[in-house]
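J.: Sharing a structure here in structure tokens format.
The values are calculated or read from the model by the stated rules, or taken from the named source; none is laboratory data. Model, not experiment: these values are computed from the prediction. Cβ sites come from the backbone with ideal geometry, for glycine too, and all protein chains shown count toward neighbours.
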Amino acid sequence: MDLPRVVVGLSGASGMPYALDLLKTLQGLAEVHLVLSQGAKRVLWEEMGLSPKDLYPLAFRVYKDGDLGAPIASGSFPTRGMVVIPCSATTLAKVAHGLADTLLTRAAFVHLKERRPLILVPRETPLPLPTLRAMVQAAEAGAVVLPASPGFYHRPGSIEDLLAFITQRVLDHLGLKAERAPRWGE
Ligand SMILES: Cc1cc2nc3c(=O)[nH]c(=O)nc-3n(C[C@H](O)[C@H](O)[C@H](O)COP(=O)(O)O)c2cc1C
């Protein structure tokens, strides 16, 4: 059975454990097409002591951010959707304004233009006005802005529980089923 294709973009914001949790959960659920920005490589190392190569086993294909000729740069390459996790303020601003000068931002642009799910997971706090405005603009363009702000009503007992909360919400927006976190009322 063909798995749905999901593009996962990592940009240079804090929150790499969220990205790792999502990538691990997508195993067996989706064909993952992965791209990391320059900033993401640095933060991945600082936060997790990992290099991009460590993520290769978690993806069907990994692209260079400068490879603007990659399949995910084209609307003719069908996907279920794209997630930018974590989403830096820089990448958010680029996506909001239609800048597509890297593969990650081009793939995000393509998801907006093709009206496919684009889920942006920023982590920044507090939020300056330019980022707040970019969030509104991205949402108006069709993106889902899904901040990495886990709830506490499921009484998380570990960091893994907090990560699972965000992964669950992302999967919901992609229409993928995996019960990672208890749902309210269940
Ligand atoms: C350890 C570390 C943590 C960072 N955390 C954030 C962050 O949470 N949010 C953010 O917008 N930028 C953060 N930055 C800065 C971005 O990585 C930087 O602005 C980068 O140019 C973003 O570009 P990119 O979106 O193409 O990765 C961080 C940088 C480092 C080194």
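J.: Just one of the numbered conditions (1) within 16 Å of the ligand (Cβ to nearest atom); (2) under 24 Å from Arg183 (Cβ atoms) is not true of Thr131; which one?
T.: Thr131 satisfies every listed condition except (2).
J.: Cβ contacts < 6 Å: first residue within 11 Å of Met48 (Cα to Cα) and polar (S, T, N, Q), restricted to the range 1-24; second residue surrounded by fewer than 19 Cβ atoms within 10 Å (Cβ to Cβ) and modelled with pLDDT of 95 or more, any location; separation 6+ or different chain. Result?
T.: Ser14/Arg123
J.: While we're on this one: Report the residue count in the range 91-135 for those that are among the β-branched types (Val, Ile, Thr) and within 14 Å of the chain's Cα centre (by Cα).
T.: So the count comes out to 5.
J.: Here is a follow-up. Condition test on Pro126, is it in a loop (DSSP other than H, G, I, E, B), more than 15 Å from the ligand (Cβ to nearest atom) and at pLDDT 95 or above?
T.: no
J.: Follow-up. Any chance the range 120-137 includes a residue that's crowded, with 21+ Cβ neighbours inside 10 Å and closer than 13 Å to Val7 by Cβ?
T.: Yes; the residues of the range 120-137 include at least one that is crowded, with 21+ Cβ neighbours inside 10 Å and closer than 13 Å to Val7 by Cβ.
J.: Okay, next question. State the number of residues belonging to the range 61-73 that are surrounded by 14 or more Cβ atoms within 10 Å (Cβ to Cβ) and without any contact (Cβ under 8 Å) to a residue 60 or more places away in the chain.
T.: 9
J.: Please state which of the following conditions Ser51 fails to meet, knowing it meets all the rest: (1) under 22 Å from Val170 (Cα atoms); (2) surrounded by fewer than 16 Cβ atoms within 10 Å (Cβ to Cβ); (3) without any contact (Cβ under 8 Å) to a residue 40 or more places away in the chain.
T.: Condition not satisfied by Ser51: (1).
J.: Which numbered condition in (1) without any contact (Cβ under 8 Å) to a residue 40 or more places away in the chain; (2) surrounded by fewer than 18 Cβ atoms within 10 Å (Cβ to Cβ); (3) of a type in the set (D, E, K, R) is the only one that Glu160 fails?
T.: The failed condition is (1).
J.: Then there is this: Would you confirm, using the coordinates I've provided, whether Ala108 is at pLDDT 95 or above, among the hydrophobic types (A, V, I, L, M, F, W, C), within 14 Å of the ligand (Cβ to nearest atom) and in a loop (DSSP other than H, G, I, E, B)?
T.: Judged against the criteria, Ala108 is not a match.
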